[in-house]
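> One structure coming up, written as structure tokens, with questions to follow.
Where a number appears in this text, it was derived from the coordinates with a stated rule and is not lab data. Keep in mind the model is a prediction, meaning the values are calculated, not measured. A quick note on method: Cβ atoms are made from the backbone with ideal geometry, for glycine too, and the neighbour counts reach across all protein chains shown.
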Amino acid sequence: MSERQKQILSAIIEQYAEVASPVGSQLLAKVFGVSSATIRAEMAELERLGFINQPHTSAGRVPTDKGYRFYVNHLNEEKELAPSLGAGRAMSARVASGGLPERTIRNAVDTLVELTHNLGLATIGNQLYMSGLSNLFGQPEFVGGQQVQQVAQLLDNLEPWLREAAPNEPLSVYIGQENPIGRSAGVSLIISRFRSPYSDRSYIGVLGPTRQAYRDVMTLVSHTGKALEEVLYE
């Protein structure tokens, strides 16, 4: 993939996350300062490679799971990213004022819900605490209700799966079909592992549509896991 194709793919992913509608060549032509024909040729190649596709008869393109994975891997290769100043401060303040460990973790989850507009979740002992279900099902992807059953199946089985699989990366991202359960639900799970009084492998994160502002959400979830460790073990 050429450098320009990488930039176009990133632009499609970031624009689609913002507007929730397919991204067309005219908009990208303005962004990159080239002709629409040039963008269309690049998009055709990205589509041939499986990174984007054309839903229905729309002239625009949307990312595929493969496209999101390429983008997320590229983000992981960058130097450590920091959350936006406001989001980072808000999370740190809420975590610092938590009191008991359970309340601290719940505060962190509730803050993730407020800042990302996704469903927030965390393992507390042998239970999974969740908040923001209405946020998840309020997203345009789930208005029709066809994927709701798949999402519910994923949520029902998430806690035992986390306990059994115990993802060992500080930050793990499961995109669409990569999810162990509910693979057709069209969601992404972004979780941070952290040490807590309950377990050396506690998890906190969010579940939302694959259409995500991955850079912002990943950095915030990672920051949250680190902030919790600092507070719980200070």
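> Test of understanding: what is the full-extension gain from L49 to D110, defined as 0.36 nm times their sequence separation minus their Cα-Cα distance? Don't skip to the end; give the middle numbers.
Numbers: separation 61, 0.36 × 61 = 21.96 nm, distance 3.90 nm.
Roughly 18.1 nm would be gained on extension.
> Could you grab the relative contact order for the chain? Cα pairs under 8 Å, six or more apart, rounded to a whole percent.
Values: 356 pairs, mean separation 43.3, N = 234.
In percent, rounded to a whole number, it is 19.
> While we're here: Say each of V31 and E78 gets a label point 7 Å from the Cα, pointing the same way as Cα to Cβ; how far apart are those two points in nm?
Calculated label separation equals 1.4 nm.
> If you keep only loop residues by DSSP, which GluC sites (Glu not before Pro) in the range 32-134 have at most 10 other Cβ atoms within 10 Å of their Cβ? Walk me through the numbers before you get to the answer.
Working: sites: E42, E45, E47, E77, E78, E80, E102, E114; in loops: E78, E80.
Qualifying residues, ordered by number: E78, E80.
> Moving on to the next point. Take H117, project a point 7 Å from its Cα along the Cβ direction, then tell me which residues of the range 1-39 have their backbone nitrogen under 15 Å from it.
Answer for this model: 14-21.
> By what distance, in whole Å, do the Cα atoms of the range 3-77 stretch along each of the three principal axes, largest value first?
31, 27, 24
> Given only helices, namely DSSP H runs of n ≥ 4 each adding -39500 (n - 2.57), what is the per-residue ellipticity at 222 nm of the chain, to the nearest 500 deg cm²/dmol?
Working: 9 runs with 121 residues, N = 234.
Here the helix-only value at 222 nm equals -16500 deg cm²/dmol.
> Lysine pairs, Cα distance under 26 Å, 8 or more residues apart or cross-chain: how many in the chain? Intermediate values should be presented prior to the final figure.
Values: K6/K30; K6/K66; K6/K79; K30/K66; K66/K79; K79/K226.
The result is 6.
> Right, something else. At what distance in nm do the modelled label points of E18 and A152 sit from each other, each positioned 7 Å from its Cα along Cα→Cβ?
It works out to 3.6 nm between the two label points.
> Output the peptides 221-228, 32-39, 175-182 sorted from most to least packed, where packing is the average of other Cβ atoms within 10 Å over each peptide's residues. Numbers along the way, then the final one.
Numbers: 221-228: 23.0, 32-39: 14.1, 175-182: 18.2.
Order by mean packing, descending: 221-228, 175-182, 32-39.
> The range 1-47 to the range 87-150: how many Å between their Cα centroids?
Each part reduced to its Cα centre gives a spacing of 32 Å.
> For q values of 0.08, 0.17, 0.18 Å⁻¹, compute log₁₀ I(q)/I(0) with the Debye formula on a Cα-only model of the chain, without solvent.
These q points yield log10 I(q)/I(0) values of -0.31, -1.21, -1.31.
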